[in-house]
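Trainee: Before we start, here is the structure in question, set down as structure tokens.
The values are calculated or read from the model by the stated rules, or taken from the named source; none is laboratory data. Here the structure is a predicted model, which means the values were calculated and not measured. Here the Cβ positions follow ideal geometry from the backbone for every residue, glycine too, while neighbour counts run over all protein chains shown. Just the protein is used for accessible areas: all its heavy atoms, side chains included, with ligands, DNA and RNA removed. Shrake-Rupley method; radii C 1.70, N 1.55, O 1.52, S 1.80 Å.
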Amino acid sequence: DWLDNGDGEGTAKAAEEICRQLGGTMERLPAKPLSRVGRAAVQAAARRVVEARSAVREHADHHENLHSKAVALGERAARQEGAARSELDETKTELTEAQEQVCNKEK
């Protein structure tokens with residue numbers, strides 16, 4: 001629990017205290033129970049590392065997916081802007097031609 005809810009400074013102090021207590025306990029335990037406890041602790045730590053790596057991988061994959069979607073949306077927006085500008089230029093040209101025709105008819 002102290003690994004998950006630490007604030008940095010408090011976590012370091014808690015870790016030091018846990019290590020001090022563990023060291024004291026290890027000095028008093030016989031070798032066989034100590035090795036079982038040590039193995040269990042290493043296995044628990046390995047599980048936490050695997051879980052953390054998995055969480056980082058999932059986050060990276062999610063970020064990659066969001067980045068790809070953002071790039072695709074940006075490209076689509078650029079194409080739509082280009083099409084809108086072309087349509088605007090075409091309409092502007094038609095309007096200019098229509099104004100010139102009206103002006104020429106009035107003369």
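Trainee: Could you please state how large a percent of the accessible area of the chain is carbon and sulfur, counting protein chains only and using a 1.4 Å probe?
Mentor: Working: 5330 of 9510 Å².
Heavy-atom surface of the chain belonging to carbon and sulfur, 1.4 Å probe: 56 percent.
Trainee: Could I ask something else about it? On a straight-distance basis, which lysines could pair with K105 in a cross-link, Cα separation under 24 angstrom, same-chain partners fewer than 8 positions away excluded?
Mentor: By straight Cα distance, K105 reaches K92.
Trainee: Taking 0.36 nm per intervening residue step and subtracting the Cα-Cα distance, what contour gain separates L88 from M26 on full extension? Before the final figure, lay out the partial values.
Mentor: Numbers: separation 62, 0.36 × 62 = 22.32 nm, distance 8.00 nm.
Length gained between L88 and M26: 14.3 nm.
Trainee: With each pseudo-label sitting 7 Å past Cα toward Cβ, what's the N65-E81 distance in nm, one decimal?
Mentor: Placing both labels 7 Å beyond Cα along the Cβ direction yields 2.8 nm.
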